[in-house]
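The values are calculated or read from the model by the stated rules, or taken from the named source; none is laboratory data. Quantities reported herein were computed from a predicted structural model and do not represent experimental measurements. All Cβ positions, glycine included, derive from the backbone under ideal geometry; neighbour counts span all protein chains shown.
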Amino acid sequence: MKTRKFGSTGRDVSEIGFGAWAIGGSWGNVDERDAKSALHAALDGGVTFIDTADVYGDGRSERIIAEVLKERSGSEPRPFVATKAGRRLDPHLAKGYTAENLGAFIDRSLRNLDVDCLDLVQLHCPPTEVYYQPEVFAAMDRMVAAGKIRNYGVSVEKVEEGLKAIEYPGVKSVQIIYNVFRQRPARFIGECHQRGIGVIVRVPLASGLLTGKMTRTTTFAADDHRLFNRNGEAFDKGETFAGVPYELALEAVDEIRDLVPDNATMAQFALRWILMNEGVSTVIPGARNAAQAKANSAASELPPLTDYAMAVLSALYQEKIAPHVHHYW
Ligand SMILES: NC(=O)c1ccc[n+]([C@@H]2O[C@H](COP(=O)([O-])OP(=O)(O)OC[C@H]3O[C@@H](n4cnc5c(N)ncnc54)[C@H](OP(=O)(O)O)[C@@H]3O)[C@@H](O)[C@H]2O)c1
């Protein structure tokens, strides 16, 4: 597993990390044994970066991470654990992002993760107005000064939110969707790199579409967001299938199949495409079992994509996908 510098945090992290949403909830049933073995497999594969949030399974994801790390304690340096705050607000409004509320969310994550200080807290896709409220970022600076968090960052929906967020000097990282079906952030990621901001790439497999395993007849459980959020019914529709209409995405996936080399799966190929951007610090595929986690970690060992493959994927995005997504995020 190769590592990359995580912005100016002073930490190096594995270029493939572990996204821990699916082991919390909203992806159909993932039983605790599978969840734990997925995380163990990722860590065995050299993963040293875990992304979670206080709302994933209402804290279940954070608690499972704490248990797994306890089971492994002493056997390796502690991985970097990034969590998020803000989405416990109900209703989720900018005015709720007060020092008091954020402090309470952070205290809860400290308990769930069973640590004295959190490695990284990301504002969890807050309403756009929050990026224009310096007092929110000042409150996060005070959390760092108080020793509750080592670093803070933002998880954004839009490139423009990221551009605004990195104007605040305390912001150490940006998490954003970037994948074969979401190519617009490429230049923004380069800008972050130049400014020493860590970049965490989420939804790298377009919620599983870019594994090539989905078909027109694939079904999803009632509590899986890939069934209930296709049009943004529960949260931003870009978080589900990267916002690409399902049938159209399947056609595009068929065009990608021929590019995948024999020694890789389509999922690994899609992850390696993301790593071609040197501004990316870590990519955080979600995995619901050990086999997926192991295969995803191995993507770090693949050679770079060919110029030909890069050109075909760029043209595919421009011609087929961009008209549906480029102007939104
Ligand atoms: N607002 C935010 O900040 C935000 C939002 C979304 C996600 N995230 C973070 O980003 C992480 C990753 O994004 P994501 O989980 O939404 O999407 P993703 O990584 O694009 O897709 C994950 C899903 O793809 C399937 N999969 C993964 N690896 C596979 C493999 N090797 N072979 C076959 N299938 C595989 C699994 O689902 P099935 O097996 O069921 O198909 C898995 O749950 C999350 O876990 C979370 O940490 C953050």
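Where residues in region 195-220 are more than 9 Å from the ligand (Cβ to nearest atom) and among the hydrophobic types (A, V, I, L, M, F, W, C), which of them is farthest from the chain's Cα centre (by Cα)? Result: Ile197. Taken over region 265-293, the residue count meeting the criterion of being in a helix (DSSP H, G or I) and more than 8 Å from the ligand (Cβ to nearest atom) is 9. The residue that is farthest from Gln268 (Cα to Cα), counting only those in region 13-24 that are of a type in the set (Gly, Ala, Ser) and within 11 Å of the ligand (Cβ to nearest atom), is Gly24. Scanning region 66-85 for residues that are within 11 Å of the ligand (Cβ to nearest atom) and in contact (Cβ under 8 Å) with a residue 40 or more places away in the chain turns up Ala82, Lys84. Taking Leu102 as the residue in question, decide whether it is crowded, with 18+ Cβ neighbours inside 10 Å, free of Cβ contacts under 8 Å to residues at least 60 places away in the same chain, more than 14 Å from the ligand (Cβ to nearest atom) and within 23 Å of Val174 (Cβ to Cβ). For Leu102, the condition - crowded, with 18+ Cβ neighbours inside 10 Å, free of Cβ contacts under 8 Å to residues at least 60 places away in the same chain, more than 14 Å from the ligand (Cβ to nearest atom) and within 23 Å of Val174 (Cβ to Cβ) - is met. The requirement of being among the aromatic types (Phe, Trp, Tyr), in contact with a helix residue (DSSP H, G or I) (Cβ under 9 Å, 6 or more places away or on another chain) and either more than 25 Å from Arg87 (Cα to Cα) or modelled with pLDDT of 95 or more (or both) is fulfilled nowhere in region 223-235; no residue meets it. With respect to the stated conditions, Thr52 is closer than 30 Å to Gly170 by Cα, polar (S, T, N, Q) and either within 15 Å of the ligand (Cβ to nearest atom) or out of contact with any strand residue (DSSP E or B) (no Cβ under 7 Å at 6 or more places or on another chain) (or both).
Of all residues being part of a helix (DSSP H, G or I) and out of contact with any helix residue (DSSP H, G or I) (no Cβ under 9 Å at 6 or more places or on another chain) in region 190-208, which is surrounded by the fewest Cβ atoms within 10 Å (Cβ to Cβ)? Just the residue, please. If we take residues in region 190-208 being part of a helix (DSSP H, G or I) and out of contact with any helix residue (DSSP H, G or I) (no Cβ under 9 Å at 6 or more places or on another chain), then Gln194 is surrounded by the fewest Cβ atoms within 10 Å (Cβ to Cβ).
Scanning region 162-182 for residues that are in a loop (DSSP other than H, G, I, E, B) and either within 13 Å of the ligand (Cβ to nearest atom) or closer than 20 Å to Gly19 by Cα (or both) gives Tyr178, Val180, Phe181. Taken over region 209-242, the criterion of being buried (at least 18 other Cβ atoms within 10 Å of the Cβ) and on the phi > 0 side of the Ramachandran plot is satisfied by Gly212, Phe241, Ala242.
Within region 108-125, residues that are without any contact (Cβ under 8 Å) to a residue 24 or more places away in the chain and in a loop (DSSP other than H, G, I, E, B) reach no partner that is of a type in the set (Phe, Trp, Tyr) and buried (at least 16 other Cβ atoms within 10 Å of the Cβ) with beta carbons closer than 7 Å at six or more positions or on different chains. Each residue in region 126-149 was checked for being in a helix (DSSP H, G or I), among the small types (Gly, Ala, Ser) and surrounded by fewer than 16 Cβ atoms within 10 Å (Cβ to Cβ), and 2 of them qualify. Within region 313-324, the presence of a residue that is within 12 Å of the ligand (Cβ to nearest atom) and surrounded by fewer than 19 Cβ atoms within 10 Å (Cβ to Cβ) is excluded.
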